[in-house]
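Colleague: Dumping the structure here so I can ask a few things about it.
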Amino acid sequence: MLKSKNCIVRHTRKEDIPKLIELQRRVYPSIPPWTRAKLSTQLEIFPAGQLTAECDGEIVGCASALVVLWDDWADAHSWKEITAAGTFENHDPEGRTLYGAEVFVAPEMRGSGLGHLLYEGRRTLCREMNLKRIIACGRLPGYHRHAPEMDAEMYAKRVVWGDFDDPVLSFQLREGFRYCGVIEDYLPEDKESCGCASIIVWLNPEYRPRKPSHVEQEEVL
Ligand SMILES: CC(C)(COP(=O)(O)OP(=O)(O)OC[C@H]1O[C@@H](n2cnc3c(N)ncnc32)[C@H](O)[C@@H]1OP(=O)(O)O)[C@@H](O)C(=O)NCCC(=O)NCCS
């Protein structure tokens, strides 16, 4: 469990599901939220990878992940493919890559360090499970404003170069992730990002290749 002021990041519980769906609907008004069934399956398949942020008893954010064999996915893929349509049935205990499938914070709570706390939760998980890295394909919600003038790759590079500030990629870079390129048609419903996403990676400095990973472990925070 990770703490900051009155906020904690802990493992997601079954009883959180209705509140998480409600929150996701507020965060992405134009993208259909997860169903109860999908969130339940995620929890059953990989409970350790599902984190919830709670402040004063209110649910204010979450970070969801599965483990994959990255070599199977390194070519372009969509969110739907790699997450098995949000069920996480592609979770592979033989993998060494923690794949971030979702992260969000309640709009009114942003900028107070909750995103950082959720990312810290993921990094803790990665270290404790002896996984090699965290990879995610992040939204580029600022891209639609620049799409008439440039492709998504140029937009992302300009975020990396510090010319533009993107609400998601800039945050991820400050969290120590490296930018690795753009995937198109990753999430077509995401109109702000024009369907595109940036591949990002964080390498676990404590990873020991000769030691086993502990993907089935549930309580590592
Ligand atoms: C991306 C997201 C999760 C970040 O969450 P967040 O809670 O705002 O993140 P943090 O508060 O940790 O950091 C955000 C910024 O606030 C700043 N911040 C952190 N603590 C702060 C504090 N106590 N006071 C003021 N600012 C603070 C951080 O420095 C950071 O600024 P920077 O990006 O300029 O470095 C959030 O914006 C979000 O939910 N976006 C919508 C959903 C989404 O698109 N998710 C990404 C899916 S790929």
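The values are calculated or read from the model by the stated rules, or taken from the named source; none is laboratory data. What you are looking at is a predicted structure, and each value in this text was computed from that prediction instead of being measured. Because the Cβ atoms are built from the backbone with ideal geometry, glycine has one as well, and the counts that use them run over all protein chains shown.
Colleague: How many residues are out of contact with any strand residue (DSSP E or B) (no Cβ under 7 Å at 6 or more places or on another chain) and more than 29 Å from P188 (Cβ to Cβ) if we restrict to the range 125-146? Give the steps one after another, and end with the answer.
Modeller: Here is the first cut: in the range 125-146, the residues out of contact with any strand residue (DSSP E or B) (no Cβ under 7 Å at 6 or more places or on another chain) are 127-130, 141-146.
Subset that is more than 29 Å from P188 (Cβ to Cβ): 127-130.
Number satisfying all stated conditions: 4.
Colleague: Among A76, A65, which is part of a loop (DSSP other than H, G, I, E, B) and either modelled with pLDDT of 95 or more or aliphatic (A, V, I, L, M) (or both)? So that I can check it myself, show each step before the final result.
Modeller: Details: A65 fails: part of a loop (DSSP other than H, G, I, E, B).
Sole residue among the options that is part of a loop (DSSP other than H, G, I, E, B) and either modelled with pLDDT of 95 or more or aliphatic (A, V, I, L, M) (or both): A76.
Colleague: If I ask for residues that are surrounded by fewer than 22 Cβ atoms within 10 Å (Cβ to Cβ) and under 21 Å from L187 (Cβ atoms), which ones from the range 109-120 would you list?
Modeller: Residue satisfying the conditions is R110 alone.
Colleague: Go through the range 156-172 and report how many residues are touching a strand residue (DSSP E or B) at 6+ places or on another chain (Cβ under 9 Å), closer than 18 Å to F104 by Cβ and surrounded by fewer than 18 Cβ atoms within 10 Å (Cβ to Cβ).
Modeller: Total satisfying the criteria: 1.
Colleague: For the range 92-108, which residues satisfy the criterion of being within 16 Å of the ligand (Cβ to nearest atom) and surrounded by fewer than 16 Cβ atoms within 10 Å (Cβ to Cβ)? Let's see the steps before the verdict.
Modeller: Our first condition is that a residue be within 16 Å of the ligand (Cβ to nearest atom); within the range 92-108, this holds for 98-108.
Of everything in the range 92-108, those that are within 16 Å of the ligand (Cβ to nearest atom) and surrounded by fewer than 16 Cβ atoms within 10 Å (Cβ to Cβ) turn out to be P107, E108.
Colleague: Is there a residue being out of contact with any strand residue (DSSP E or B) (no Cβ under 7 Å at 6 or more places or on another chain) and closer than 21 Å to I199 by Cβ anywhere in the range 97-115?
Modeller: We begin by selecting, within the range 97-115, every residue out of contact with any strand residue (DSSP E or B) (no Cβ under 7 Å at 6 or more places or on another chain); these are 107-108, 110-112.
Next, only the ones that are closer than 21 Å to I199 by Cβ stay: none.
Checking the range 97-115: not a single residue is out of contact with any strand residue (DSSP E or B) (no Cβ under 7 Å at 6 or more places or on another chain) and closer than 21 Å to I199 by Cβ.
Colleague: OK, next. Scan the range 72-79 and tell me whether some residue there is of a type in the set (A, V, I, L, M), free of Cβ contacts under 8 Å to residues at least 40 places away in the same chain, surrounded by fewer than 20 Cβ atoms within 10 Å (Cβ to Cβ) and away from the ligand (no atom under 14 Å from the Cβ).
Modeller: Kept after step one, since they are of a type in the set (A, V, I, L, M), are these residues of the range 72-79: 74, 76.
Cutting the leftovers down to free of Cβ contacts under 8 Å to residues at least 40 places away in the same chain gives us 74.
Now drop any that are not surrounded by fewer than 20 Cβ atoms within 10 Å (Cβ to Cβ), which leaves 74.
Retained after the next criterion (residues that are away from the ligand (no atom under 14 Å from the Cβ)): 74.
Yes: the range 72-79 contains one or more residues that are of a type in the set (A, V, I, L, M), free of Cβ contacts under 8 Å to residues at least 40 places away in the same chain, surrounded by fewer than 20 Cβ atoms within 10 Å (Cβ to Cβ) and away from the ligand (no atom under 14 Å from the Cβ).
Colleague: How many of the residues in the range 40-59 are touching a strand residue (DSSP E or B) at 6+ places or on another chain (Cβ under 8 Å) and in a helix (DSSP H, G or I)?
Modeller: So the count comes out to 6.
Colleague: Looking at R133, R139, R123, R127, which is the one that is more than 12 Å from the ligand (Cβ to nearest atom) and closer than 16 Å to I199 by Cα? Lay out the reasoning, then the answer.
Modeller: Numbers: R139 fails: more than 12 Å from the ligand (Cβ to nearest atom); R123 fails: closer than 16 Å to I199 by Cα; R127 fails: closer than 16 Å to I199 by Cα.
Result of the check over R133, R139, R123, R127: R133.
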